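The next block holds one structure in the form of structure tokens; read it before the comments.
The values are calculated or read from the model by the stated rules, or taken from the named source; none is laboratory data. This structure is a prediction, so every number in the text was calculated from the model and none was measured. No Cβ is skipped: glycine too gets one built from the backbone with ideal geometry, and neighbour counts run over all protein chains shown. Accessible surface areas use protein heavy atoms only, side chains included; no ligands, DNA or RNA. Shrake-Rupley method; radii C 1.70, N 1.55, O 1.52, S 1.80 Å.
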Amino acid sequence: MNFRLLKDKILSKLMLVFTLASVSLLLVIGIGLYYKSVPIIQRLGWTELITTSVWKPLKGLFGFFPFIMGTLWVTAIAIIIALPLCLLTALYIVEYAPARIKRILTPFVNLLSGIPPVIFGVWGVLFIIPLIQANIAPHFVEFSTGYSVLAGGIVLAVMIFPLIVSIISEVLRTIPQELKDASLALGATKWETIKKVILRKALPGIVAATVLAISRAFGETIAVLMVCGNNAVVPHSVFDTGYPLPALIANNYGEMLSIPSYDSALMFAALLLFIIILLFNIISRVILARLERRLAA
């Protein structure tokens, strides 16, 4: 009996060690990126690096504001496009689809998550960019090449689609059938039950799914790199080109490191992306906790 208790205690301590090691990895990554970014931070300072828009590495000018805005533009467009479609798809699969249709739809949705990002990039170049250039942009602007933050947002929306659908579907399946039956017994229609009961109960899970999708969207590289235009200017409309931070790192790391401070500048770009994702997740968790408390009250 004592041996069993000792074994249980050892295993619990071992799991604690592995858990702390996993959490500390986040700290190690942050410290490593900061250490490699110190030369450019000491030379130019945080304010100048973040708020200026001039990107001329040969002259020692590294303004990251266009890249920050390009990242935010592409991610915001992707979530605006993907979230309503994913929510309606998950609701149909869980609440409306017959069992036969459900067995067909679910594997196809999951199959999207297994497609390599470069395939999405090629699809964006061959189909999305000509569609924007010839059919969408002429109604709003005089000229657009199609390479834009809109193209990046559309491609990214398709890439995060299976993740959001899968998580929201699982959340919807956890809602007790008794709640739905009670609403229907009181005379509510199916759609009224979904709006007033199911979505309200599932709201924290939907928020959590959105947070995970945005975190992934921030870091997508290859597909976004292929369709955004990669021009270091601040986008002012969805038809302008953009240059997200991941694309900047992927495009330049290893090629132009002979330029003074360039290596440190790219590490600073990675540090910025790390900080943006970390802050977003912290703020989202605070909002999610408040939302859960309000729904429970």
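At an R0 of 41 angstrom, the distance between the Cβ atoms of Gln42 and Ile287 translates into a FRET efficiency of 0.70.
Between Val28 and Ser113, the C-beta separation translates, for a Förster distance of 35 Å, into a calculated FRET efficiency of about 0.80. When the chain is treated as a GNM with alpha-carbon contacts under 10 Å, the residue of Ile222, Ile136, Ile168 showing the greatest mean-square fluctuation is Ile136. Segment 88-158 and segment 36-87 have Cα centres lying 25 Å from one another. Each listed q (0.13, 0.14, 0.20 Å⁻¹) maps to a log10 I(q)/I(0) for segment 1-96, found by the Debye formula over equal Cα scatterers with no solvent: -0.81, -0.83, -1.01.
Residues Lys9, Lys102, Lys56, ordered by accessible area of protein heavy atoms at a 1.4 angstrom probe radius and largest first, appear as Lys9, Lys56, Lys102. Residues Phe280, Phe64, ordered by accessible area of protein heavy atoms at a 1.4 angstrom probe radius and largest first, appear as Phe280, Phe64.
Note on exposure: Trp123, Trp73 ranked by accessible area (1.4 Å probe, complete protein assembly) read Trp123, Trp73, with the most exposed listed first. Accessible surface area normalised per residue over the chain is 56 Å², counting heavy atoms of protein chains with a 1.4 Å rolling probe.
The ellipsoid equivalent to the alpha-carbon distribution of the chain has semi-axes of 38, 30, 17 angstrom, derived from the gyration tensor eigenvalues as √(5λ) and listed largest first. Taking only protein heavy atoms and a 1.4 Å probe, the accessible area of segment 65-296 is 68% carbon and sulfur.
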